[in-house]
Amino acid sequence: MDDLMTVVDWSRWQFALTAIYHWLFVPLTLGLSVIVAIMESLYLKNKSEKWLAATKFWMTLFGINFAIGVATGIILEFEFGTNWSNYSWFVGDIFGAPLAIEGLVAFFMEATFVAVMFFGWNKVSPGFHLASTWLTAIGASISALWILVANAWMQYPVGMEFDPAQMRNVMDNFTDLFSGIAVNKFFHAVFSGWALAGVFVVGVSAWFFYKKRNIGFATRSTKVGAWVGLIGLLLTMYTGDGSAIEVTKHQPMKLAAMEGLYKGQNGQAICAMGIVNPDKKWNNDEKEYLFDISIPNGLSLLAKHDPHAFVPGITDIIEGFSINENGDTINTVSYAERIRLGKLSHEALRKYDIARTARDQAGMEAAENELKQYYPYFGYGYFDSVDEAIPPVAVTFYSFRVMVILGSYFLLFFIVTLICVYKRDWPVKHRWMQIIAMISVPFMWICSEAGWMVAEVGRQPWTVQDLLPTKAAISEISSTTVITTFWLFAFVFTVLLVAEVSIMLRQISKKSFTNLETDNAH
């Protein structure tokens, strides 16, 4: 058992490592592709060599990031077969479909048009080249769509049924995969990429301002980057609101962990800032926070758009306690009962297998009916204690606040940047803003990674919500193998990251547009 848990923990760490590294590149690809397409559109409209130079500069940085992102993404997908083969078998019919579409359609679309985008300047017409640039941006978003549809299905498994004959889930309705969670997750991720790329472009442009080089280029780039970033951030906040409602409906335990909430109430406050109590458990009387600043009715408003609505906490969910829309106390299925029913579903599956081996048709039908009755709680049958079903509260709680606080900061950041850049004295009198812009770049990545941690850590211990916990999803491999590959991937991915950053810095530092800076920046 100890070796099993070591394999589980190290496999989770390995997947987290590769996912975190991969997510460093994905949002910049999503956002920078749109910014490049906008700049090329302005070039084609104005016939200005200045916009052409800006387009090619940011396109170069996009290409560097795109290449590294593809390399890390391929390794990430291979891990489903190497480390999580039980998961792949259990849900491969559903999870594999969107990934296959992503590989066959979106990836080939990106690969085709990115080639024209980089190497077709003097080989195709300007209009076709612009179309290729936009199609590259659209292809990147379509690629993200299918991956996020697959991820959203893990958060809210729909459109499938369990086939006891195959001992796996099979798809029965493809359109169900486009659930509310999937739609909100897709747009939230894409628009957050716009915001991240906007900060990146503004930060790099601020370096040119600080060095008093390429002022016209930096001004044009800052305007495009700040507008795209601001629009992206506002849309990210809007889709984040939609995501909160979907999480409330389908993953109430994640919402409770995000808030560090154990006992809910009508008109539930939200903790704006706080420190969770490490000694707090679902079944003790310790306080939830060591310190907190809360907003009255805030969580009820966020979760249900009703300031007086009841929001359950961790203890409420475990005990099966809730309040309906009419204010009546209702009993849901407690976690202890879910574990009991989950074990009954496992026993029904064993009965089915025994009956099938004996070719007992009546026994198979009886076992299958029993399995269907208990299958919604199948995943809980792997637990021996309700404590196993609680996500890491502290990590989820703090990640959510890092995301929200930095997101609010960047809303102000974009507004101030736009005010500054439309003033003629931006390069001279706002050096404080230039320094802030450069320092802000890594914080936007922290904000993005924090959001991803909320989504993934908050649904633990599940690989598939309510159906398959992580400890039942791993491959039969040794802990030594997982530990070795973890450190190997850590080394390789760090080398790739350092290589990208160094190449980008070299491209930025050597770039000069002095021959194009003889007039103003419009």
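For the stretch 191-239, just say rounded, prolate or oblate: build the C-alpha gyration tensor, square-root its eigenvalues into a ≥ b ≥ c, call rounded for a/c under 1.5, and beyond that prolate if a/b exceeds b/c, oblate if not. Cα axes put the stretch 191-239 in the prolate bin. A straight line joining the Cα centroids of the stretch 76-105 and the stretch 361-379 runs 26 Å.
Using the Cβ-Cβ distance between Ala336 and Gln265 with R0 set to 22 Å, the FRET efficiency from 1/(1 + (r/R0)^6) comes to roughly 0.45. Judged by the gyration tensor of its Cα atoms, with axes a ≥ b ≥ c, the stretch 404-506 is oblate; a/c meets the 1.5 cut and b/c is at least as large as a/b. At q = 0.17, 0.20, 0.22, 0.26 Å⁻¹, work out log10 I(q)/I(0) for the stretch 378-462 with the Debye formula, treating every Cα as an identical point scatterer and leaving solvent out; two decimals please. Scattering profile of the stretch 378-462, log10 relative to I(0): -0.76, -0.90, -0.99, -1.16. The angle between the Cα long axis of helix 49-82 and the longest principal axis of the Cα atoms of the chain comes to about 20 degrees, rounded to the nearest 10. In this simple spin-label approximation, Phe291 and His346 carry label points 7 Å from Cα along the Cα→Cβ vector, and these lie 4.4 nm apart. Taking only the C-alpha atoms of the stretch 253-386, the Rg (one decimal) and the largest Cα-Cα distance, Dmax (whole number), read 19.9, 64 Å.
Annotation: amide H-H contacts under 5 Å for Phe310 (H modelled 1.01 Å from N, sequence separation of 5 or more, or interchain): Gly267.
Taking Cα atoms, how many degrees apart are the long axis of helix 2-46 and the longest axis of the chain, rounded to 10 and kept between 0 and 90? The answer is roughly 30 degrees. Here r is the Cβ-Cβ distance between Trp13 and Thr357 and R0 is 35 Å; the resulting FRET efficiency, rounded to 0.05, is 0.35.
Toward the positive end of the charge dipole of the chain, with +1 on the Cβ of Lys and Arg and -1 on the Cβ of Asp and Glu, the farthest Cα among Val34, Ser192, Leu496 is that of Val34.
Each Lys and Arg adds +1 at its Cβ and each Asp and Glu adds -1 at its Cβ; summed about the Cα centre, the chain shows a dipole of about 2920 debye. In plain terms, the chain from Ala366 to Ile231 could stretch by 43.0 nm, reckoned as 0.36 nm per residue minus the Cα-Cα distance. With R₀ fixed at 35 Å, the C-beta to C-beta distance from Val498 to Arg431 puts the FRET efficiency at about 0.75. Ordering of 254-263, 125-134, 208-217 by packing is 254-263, 208-217, 125-134, highest average first (other Cβ atoms within 10 Å, averaged per residue).
Per the helix-only calculation at 222 nm, which mean residue ellipticity applies to the chain, given -39500 (n - 2.57) for every DSSP H run of n ≥ 4 and division by its residues, nearest 500 deg cm²/dmol? When only DSSP H runs of four or more count, the value is -24000 deg cm²/dmol. Amide H contacts for Tyr289 (H built 1.01 Å from N in the peptide plane; partners 5 or more residues away or on another chain; cut-off under 5 Å): Asn277. For the chain, the solvent-accessible area with a 1.4 angstrom probe is 45 square angstrom per residue. For Gln155, neighbours were defined as the other residues whose beta-carbon sits under 10 Å from its Cβ, and their charges (Lys and Arg +1, Asp and Glu -1) total +1.
Nonpolar atom fraction for the stretch 73-172, defined as the carbon and sulfur part of the 1.4 Å probe accessible area, stands at 72 percent.
The values are calculated or read from the model by the stated rules, or taken from the named source; none is laboratory data. The model shown is predicted, which means the values in this text are computed figures rather than measured ones. Every residue, glycine as well, gets a Cβ built from its backbone with ideal geometry; the counts of neighbours run over all protein chains shown. Each accessible area value is taken on the protein alone, full model and side chains, heavy atoms only, with ligands, DNA and RNA left out. Shrake-Rupley method; radii C 1.70, N 1.55, O 1.52, S 1.80 Å.
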